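Accompanying notes for the structure given below.
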Amino acid sequence: MQSPQWRMFRAAWLNTYDSKHKVRRCYCCGVAQSDWPRSFDLHHRTYERLGNEHYNDLVLVCSGRGGCHPKITHAWRARNRTGLTLTLWQLTDHYRDRAQRRVAKSA
């Protein structure tokens, strides 16, 4: 995902995101980008339209050690070993639901 086309698409996606939201937040855990010591990644919830993505095919997630993106990626890559039957879209939403339950429980 380092091609000039991807970088242009990513910039356009982030501009659209920024026009809709006051703060960049992780789709899964809700942490603000300004409060996260590492970068945020654009995460594909589906590869169905790779190279021709729709806005909703992607979400912003925290990355790096302890971030949501590595957790989702690890679970997705381990799916054959673990018997995971969720789609990538469902898996991403599963992590979002888990994070929101954790926040609600601590409140």
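The values are calculated or read from the model by the stated rules, or taken from the named source; none is laboratory data. Treat the numbers as computed from the prediction; the structure is a model and nothing was measured. Methodologically, a virtual Cβ is constructed for each residue, glycine included, from the backbone with ideal geometry; neighbour enumeration extends over all protein chains shown.
Yes or no: Tyr47 modelled with pLDDT under 90 and among the hydroxyl-bearing types (Ser, Thr, Tyr)?
Spelling it out, Tyr47 is indeed modelled with pLDDT under 90 and among the hydroxyl-bearing types (Ser, Thr, Tyr).
Can you tell me which residue within region 61-107, out of those that are without any contact (Cβ under 8 Å) to a residue 40 or more places away in the chain, in a loop (DSSP other than H, G, I, E, B) and more than 20 Å from Arg24 (Cβ to Cβ), is farthest from the chain's Cα centre (by Cα)?
Ala107
Read through the list (1) surrounded by 11 or more Cβ atoms within 10 Å (Cβ to Cβ); (2) at pLDDT below 90; (3) under 27 Å from Lys20 (Cα atoms), then give the number of the only condition that Leu84 fails.
If we test Leu84 against (1) surrounded by 11 or more Cβ atoms within 10 Å (Cβ to Cβ); (2) at pLDDT below 90; (3) under 27 Å from Lys20 (Cα atoms), just (3) comes out false.
Kindly indicate which of Glu48, Glu53 is among the acidic types (Asp, Glu) and touching a residue at least 12 places away in the same chain (Cβ under 8 Å).
Within the list Glu48, Glu53, the selection yields Glu53.
Among the residues of region 10-56 satisfying the criterion of being of a type in the set (A, V, I, L, M) and under 25 Å from Arg77 (Cα atoms), which is surrounded by the most Cβ atoms within 10 Å (Cβ to Cβ)?
Checked region 10-56; the qualifying residue surrounded by the most Cβ atoms within 10 Å (Cβ to Cβ) is Leu42.
Taking region 10-60 as the region of interest, how many residues are under 13 Å from the mean Cα position of the chain (by Cα), assigned to a loop (DSSP other than H, G, I, E, B) and of a type in the set (D, E, K, R)?
Here the count works out to 2.
Can you name every residue in region 54-68 that is out of contact with any Phe, Trp or Tyr (no Cβ under 7 Å at 6 or more places or on another chain) and within 22 Å of Lys20 (Cα to Cα)?
Passing the criteria: His54, Asn56, Asp57.
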